[in-house]
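**Student:** I have a structure I would like to understand better, so I am pasting it below and will then ask my questions one at a time.
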Amino acid sequence: MEIAVCIKQVPDTTDVKIDPETGTLVRDGVPSIINPFDEYAVEAALRIREELGGKVIAITMGPPQAVEALRKCIAMGADEGVLVSDRAFAGSDTWSTSYTLAKALEKIGPFDLIMCGKQAIDGDTAQVGPGIAEHMKISQVTYVQKILGCGEKTIQVERDVEGGYEVIEAHLPAVLTIDKSANEPRIPSMMGTMKALRREFVTLTASELDLEEGLFGMDGSPTRVKKTFTPDPRKGGRMLSGEMDEMLRELVGILREEKII
Ligand SMILES: Cc1cc2nc3c(=O)[nH]c(=O)nc-3n(C[C@H](O)[C@H](O)[C@H](O)COP(=O)(O)OP(=O)(O)OC[C@H]3O[C@@H](n4cnc5c(N)ncnc54)[C@H](O)[C@@H]3O)c2cc1C
C-alpha cells in the first residue's frame, strides 16, 4: 500500500496574533508546528502500512522551514518526506495549493491512498483535501472518524455527519481527510527523533512539476480576500418570563425592534 500524507506547517495557535493594521496573521517570531489534524492522518497511514506493508510518504507545500514538520512525520515513522517549495507558489489560495499538491503527488506517486487532516488550524477551510481529489479525479471521503478496513482495491470508513455517522466504502486510489476521533497519534521514539534530525528531504520546485501556466501561485488563485476582521463579541442573552402569550408578544416586539421581522 503506497500512502501519501499531506501535512501543513502552521503557526502554534496558542501564540497567534493579528496585525491590527492589516488584519493578517503575524507569523514573525511565532513558533510553527505540524497541523494537529495532520498527525491523525500520519497515524492512520502508519497503522495501514503496519497491517498491509508498503510505504508512507509525507508531503508538504511551503517555505523551506516547513521541513521541520516533515521531520516530525519521519520521527513518527514515515518512510520519506517531500517538500514542494518555490517562490512561484507564493500567494496560492486553496485552489492552486491543491492543484500544485495534486501535480506533486502525480509526480512522486502513484499512491493507493492520500491522507489529509480534516482541516488546517490556521486557514481552516478544509478545502485542500477535496481539492486534491478533484484535481486528480479520484474518490474522496471527508471527516473520517474511523478506518474500518482496507483492502487492495477498496477502503471502508466511518464518516462523521451531524448527529451520527455514515459507513462508506471507497474505491482506491482515494483521498481521505482524517478527524481527530480516528486514533491517538503516537509519540515519536528517541530513535525516530534522532533519525529524523539527520534526514535530508527531496525538494520539488515549479519547473519539476507538470504545471500549467496560470493555474498556480498568485496567478492561479481565483480567491480574493476583501476584508479580514475579528467579529464583535456576542452580547449576552435575554431571558423572558411570564405567561406564554405575554412572552410571545414581548419576543415579537424585540424582533421588530431589532429589525429581524
Ligand atoms: C487569496 C489567498 C492568498 C493566499 N496567499 C498565501 C500566501 O501568500 N502564503 C501562505 O502561506 N498562504 C496563503 N494563503 C493561504 C493558503 O491558501 C492556505 O493556507 C492553503 O491553501 C491551505 O488552506 P487551509 O489552510 O484552509 O487548509 P485546509 O484545506 O483546511 O487543510 C486541510 C488539509 O489539507 C492539507 N494541506 C493544507 N495545506 C497544505 C500544504 N500547504 N501542504 C500540504 N498539505 C496541506 C493538510 O492535510 C490539511 O490538514 C492564501 C489564501 C488565499 C485565499
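The values are calculated or read from the model by the stated rules, or taken from the named source; none is laboratory data. Keep in mind the model is a prediction, meaning the values are calculated, not measured. As a convention, Cβ positions derive from the backbone with ideal geometry for all residues, glycine included, and neighbour counts pool all protein chains shown. For accessibility, only protein heavy atoms count, side chains too; no ligands or nucleic acids. Shrake-Rupley method; radii C 1.70, N 1.55, O 1.52, S 1.80 Å.
**Student:** Can you pull out every residue in region 217-233 that is part of a loop (DSSP other than H, G, I, E, B) and either of a type in the set (Lys, Arg) or within 30 Å of residue 135 (Cβ to Cβ) (or both)? Steps first, please.
**Tutor:** Step one: of region 217-233, the residues part of a loop (DSSP other than H, G, I, E, B) are 217, 221-233.
If the condition is that a residue be part of a loop (DSSP other than H, G, I, E, B) and either of a type in the set (Lys, Arg) or within 30 Å of residue 135 (Cβ to Cβ) (or both), then 217, 221, 222, 223, 224, 225, 226, 227, 228 are the ones that fit.
**Student:** Can you tell me which residues in region 178-193 are in a helix (DSSP H, G or I) and open to solvent by less than 60 Å² (accessible area, probe 1.4 Å)?
**Tutor:** Hits for region 178-193 are 182, 192, 193.
**Student:** Being of a type in the set (Asp, Glu), modelled with pLDDT under 95 and within 20 Å of residue 179 (Cα to Cα) is true for just one of 12, 112, 38. Which residue is that?
**Tutor:** On the way: 112 fails: modelled with pLDDT under 95; 38 fails: modelled with pLDDT under 95.
Exactly one residue qualifies, and that residue is 12.
**Student:** Check region 79-100 and report whether any residue there is touching an Asp or Glu at 6+ places or on another chain (Cβ under 7 Å) and more than 23 Å from residue 195 (Cα to Cα). If you could, list the steps in order and put the result at the bottom.
**Tutor:** Within region 79-100, the subset touching an Asp or Glu at 6+ places or on another chain (Cβ under 7 Å) is none.
No - not one qualifying residue is present in region 79-100.
**Student:** Can you pull out every residue in region 137-166 that is farther than 19 Å from residue 51 by Cβ and either in a strand (DSSP E or B) or at pLDDT 95 or above (or both)?
**Tutor:** Taking region 137-166 first, the residues farther than 19 Å from residue 51 by Cβ are 137-140, 142-143, 159-166.
The answer is 137, 138, 139, 140, 142, 143, 159, 160, 161, 164, 165, 166.
**Student:** Here's something else I'd like to know. Is it true that residue 238 is within 16 Å of the ligand (Cβ to nearest atom) and not hydrophobic (A, V, I, L, M, F, W, C)?
**Tutor:** Values: within 16 Å of the ligand (Cβ to nearest atom): no; not hydrophobic (A, V, I, L, M, F, W, C): yes.
Criteria not met by residue 238.
**Student:** Being out of contact with any strand residue (DSSP E or B) (no Cβ under 7 Å at 6 or more places or on another chain), of a type outside the set (Ser, Thr, Tyr) and within 22 Å of residue 114 (Cα to Cα) is true for just one of 248, 211. Which residue is that? Reasoning before the result, please.
**Tutor:** Numbers: 248 fails: within 22 Å of residue 114 (Cα to Cα).
Unique residue meeting the criteria: 211.
**Student:** Continuing with the same structure: Looking at 214, 242, 236, which one is open to solvent by less than 80 Å² (accessible area, probe 1.4 Å), outside any helix (DSSP H, G or I) and modelled with pLDDT under 90? Can you show your working first?
**Tutor:** Numbers: 214 fails: modelled with pLDDT under 90; 242 fails: modelled with pLDDT under 90.
Going through 214, 242, 236 in turn, the sole match is 236.
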